[in-house]
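Before any comments, here is the structure.
The values are calculated or read from the model by the stated rules, or taken from the named source; none is laboratory data. Remember, it's a predicted structure, so these values are computed and weren't measured experimentally. Please note: Cβ atoms are built from the backbone with ideal geometry, for glycine as well, and neighbour counts cover all protein chains shown. For accessibility, only protein heavy atoms count, side chains too; no ligands or nucleic acids. Shrake-Rupley method; radii C 1.70, N 1.55, O 1.52, S 1.80 Å.
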Amino acid sequence: MDNDEKEQKLGYWRWMVESWRRPMGMESNASHGYGIWTLIWEDIILFWGFEVAGASIIDAAFPGVIAQQLSTEVNKFLFSLMVLIFCFQIVTVLCSMVGHLFVFGSGSIGNFWSYFNKIMQASNWNIWISIVAFISLLFTSNMGFVVVGYRLTLLFCAFFGLAAFVNVLRGEPQDKPVKHDTFYGALIYVVLLSFAYAILIALFRFVLSF
């Protein structure tokens, strides 16, 4: 890579700002690691918030030894749940890629990491959703704030799914001709996602049974 190419690369903060300004913009000169690392720290923030909230609620409701035992079990469950959510996110990206490839063909997609960046760019307002959810989960003395944190987490997941969906339907460049009708690409995405989620949930239940 020459110096001109390096200078054209977006810095992480600039990429974030551009994604908030133009969620559907196509920033191909962003580092491939931006998307995955952003998703990981968003998930960590949410997990941390629920861990703090769970520990506070248990400490307030139960005596010391019981609270310690319950906290350990709750933390194991929350960690397993966050791993499951991360798996959902990766599977969502993969299903979106399949639908996109069906509509536009392989010339539109680049590679997995560049496509991942496009989905994260479309869903990067989730950064603020995860931060607000985390702050809400810290106020465990008021269950209303905990409920807000939970609902924001659902919004976070829905927003990510929406970003994956809209990327099924857009080509790069934007006027790229379609090979198959976009309706069937969207249908493929939804059907694959349903099967994949069902399998992941079954595996999650199986793991928790041990």
Completion exercise
To the nearest 10 degrees, the tilt of helix 112-122 (Cα long axis) against the first principal axis of the alpha carbons of the chain is 70 degrees
Practice task
Report the calculated FRET efficiency for residue 21 and residue 166 (r = Cβ-Cβ distance, R0 = 25 Å), to the nearest 0.05.
Solution key: 0.90
Exercise for the section: Based on the mean of other Cβ atoms within 10 Å per residue, sort peptides 162-174, 13-25, 90-102 so the most packed one is first. Expected result: 90-102, 162-174, 13-25
Practice task
Go ahead and estimate [θ] at 222 nm for the chain from helices alone: -39,500 (n - 2.57) per DSSP H run with n ≥ 4, summed, over the residue count, rounded to 500.
Solution key: -27000 deg cm²/dmol
Problem - Furthest towards positive pole of dipole, 125, 52, 160, structure part the chain, Cβ charges - result: 160
Exercise for the section: Treating the angle as unsigned and between 0 and 90°, give the value, to the nearest 10°, between the Cα long axis of helix 182-208 and the longest Cα principal axis of the chain. Expected result: 30 degrees
Exercise for the section: Kindly report the accessible area of region 90-210 per residue (heavy atoms of protein chains, probe 1.4 Å, no ligands, DNA or RNA), in Å². Expected result: 53 Å²
Problem - For region 131-198, the spread of Cα positions along each principal axis, largest first, Å - result: 55, 29, 13
Problem - Acute angle (nearest 10 degrees) that the helix 126-138 long axis makes with the longest principal axis of the chain, alpha-carbon atoms - result: 0 degrees
Exercise for the section: Mind giving me the nanometre distance, one decimal, between the label points for residue 12 and residue 61, set 7 Å out from Cα along Cα→Cβ? Expected result: 3.7 nm
Exercise for the section: Quote to one decimal, in nm, the extra length available between residue 181 and residue 75 on full extension: 0.36 nm per residue of separation minus the C-alpha distance between them. Expected result: 33.6 nm
Exercise for the section: Measure off, as a whole percent, the carbon and sulfur share of the 1.4 Å-probe accessible area of the chain, all protein chains present. Expected result: 70 percent
Handout entry: Normalised contact order of region 18-164, rounded percent, pairs of Cα under 8 Å and 6 or more residues apart
Key = 37 percent
Fill in the blank from the handout: Per residue, accessible area of region 7-83 with a 1.4 Å probe, heavy atoms of protein chains only, in Å², comes to 58 Å²
Handout entry: Amide hydrogen neighbours beyond the local backbone of residue 10, cut-off 5 Å, H modeled
Key = 30, 31
Problem - Segment residue 128-residue 86, length gained on full extension (0.36 nm per residue, minus Cα span) - result: 13.3 nm
